[in-house]
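The structure under discussion appears below in the form of structure tokens.
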Amino acid sequence: MDILEKILDTKREEVARAKARKPFESIREEARAVARPTVSFARSIRETRGGIIAEFKRRSPSKGDINRGARLEEVVAGYERAGAAAISVLTDRDYFAGSLDDLGQTRELVGLPLLRKDFIVDPYQICQARIYGADAILLIASALTPHEVSTLARFAHGLSLEVLLEIHGEHELGHICGEIDVVGVNNRNLSTFVTDTAVSRHLADHLPADRLKISESGISEPAAVRELAAGGYRGFLMGDNFMKQGDPAQALKRFLEALC
């Protein structure tokens, strides 16, 4: 069993436990009742210099602890001040040491659009995302069928959430459908967790011209952003590169200054 399969098994068990505590019908009504208008994730990326989606991430299965003691309130508020286009918040507990409370706390602290970064396999998780303050959700092609992607994306739109679809290769291009707002190419192989930005460069010409394109993972130098931008990418999701620094927000600020 590879890492992704193990995570998905854990996630399905997690959702089942949550449903036992609060039925889907109940959480769906709670999500529909949220009054806060969402902020466009895609528009912010298009309109913000650099298009950096800065991630709050304490650990990962491949690298272990990245910044386990990071103070969320300092990091996310600092990201906003430094010029991030959006913030990605890891909400997986077992493998990334995140939580929905991290998402909710971030919502209270910043006005930027928030991406719930998790392994979404059920509409229940989309309801949670809306309740805790997300503006967009991540769907991972490797974890879902094309039909599941379309169904989950439509459900998300029904709650005014945008959808980022993450693909890893040409074999997943068929997952891109009309309901997807942003297409992301993850440079990390989810079976081995090895990263290589050549994945984004290779797929650039295969992605629909009418979709906002972002590159994810393995980006550490401004030169890589400039090269990927030349290939049509407008957003760049970065987590480890900032979170491994003593001051993640200052690291983002320096990165954006180097892009000028």
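Mean separation of Cα pairs under 8 Å and 6 or more residues apart, divided by the residue count, gives the chain a relative contact order of 20 percent.
With semi-axes defined as the square roots of five times the eigenvalues of the C-alpha gyration tensor, the equivalent ellipsoid of segment 108-260 measures 25, 20, 14 Å, largest first. Between L139, L90, L109, the residue with the greatest mean-square fluctuation in the GNM of the chain (Cα pairs under 10 Å linked by springs) is L109. A straight line joining the Cα centroids of segment 68-87 and segment 219-244 runs 17 Å. Translational diffusion of segment 112-156, estimated by Stokes-Einstein from the Kirkwood radius over alpha carbon pairs at 10 °C in a medium of 1.306 mPa s, is 150 µm² per second.
So for the chain, taking the charge dipole from beta-carbon charges (+1 Lys/Arg, -1 Asp/Glu), which of V182, I53, H206 sits furthest toward the positive end? It is I53, whose Cα lies furthest towards the positive end.
The charge dipole of segment 71-186, taken about the Cα centre with unit charges on the Cβ atoms of Lys, Arg (+1) and Asp, Glu (-1), comes to about 180 debye, rounded to the nearest 20.
Please build a GNM for the chain, connecting alpha carbons under 10 Å apart, and tell me which residue among T197, T145, T91 fluctuates the most. Of T197, T145, T91, the Gaussian network model singles out T145 as fluctuating most.
For segment 122-134, backbone phi angles converted through the Karplus equation (6.51, -1.76, 1.60; θ = phi - 60°) give residue-by-residue couplings of 8, x, 3, 5, 6, 4, 4, 4, 5, 5, 8, x, 6 Hz, Gly and Pro being listed as x. Within the accessible area of the chain, the carbon and sulfur atoms contribute 47%, probe 1.4 Å, all protein chains present. Relative to the Cα centre, the charge distribution of the chain, modelled as +1 at Lys and Arg Cβ and -1 at Asp and Glu Cβ, gives a dipole magnitude of about 480 debye. Computed over the alpha-carbon pairs of segment 171-237, the distance histogram in 10 Å steps reads 21, 57, 22, 1 percent, short to long. Springs between Cα atoms under 10 Å define the GNM used for the chain, and in it the highest mean-square fluctuation of K117, K22, K11 occurs at K22. Surface exposure of segment 1-128, expressed per residue as accessible area with a 1.4 Å probe, stands at 45 Å².
Projecting the Cα atoms of Y124, A143, A33 onto the charge dipole of the chain (Cβ charges, centred on the Cα centre) puts A33 farthest toward the positive pole. The HN-Hα couplings worked out from phi for segment 222-233 by the Karplus form 6.51 cos²θ - 1.76 cosθ + 1.60 (θ = phi - 60°) are x, 4, 5, 5, 4, 5, 5, 4, 5, x, x, 7 Hz, whole numbers, x standing for Gly and Pro.
The values are calculated or read from the model by the stated rules, or taken from the named source; none is laboratory data. Keep in mind it's a predicted model, so treat the numbers as computed, not measured. Cβ sites come from the backbone with ideal geometry, for glycine too, and all protein chains shown count toward neighbours. For accessibility, only protein heavy atoms count, side chains too; no ligands or nucleic acids. Shrake-Rupley method; radii C 1.70, N 1.55, O 1.52, S 1.80 Å.
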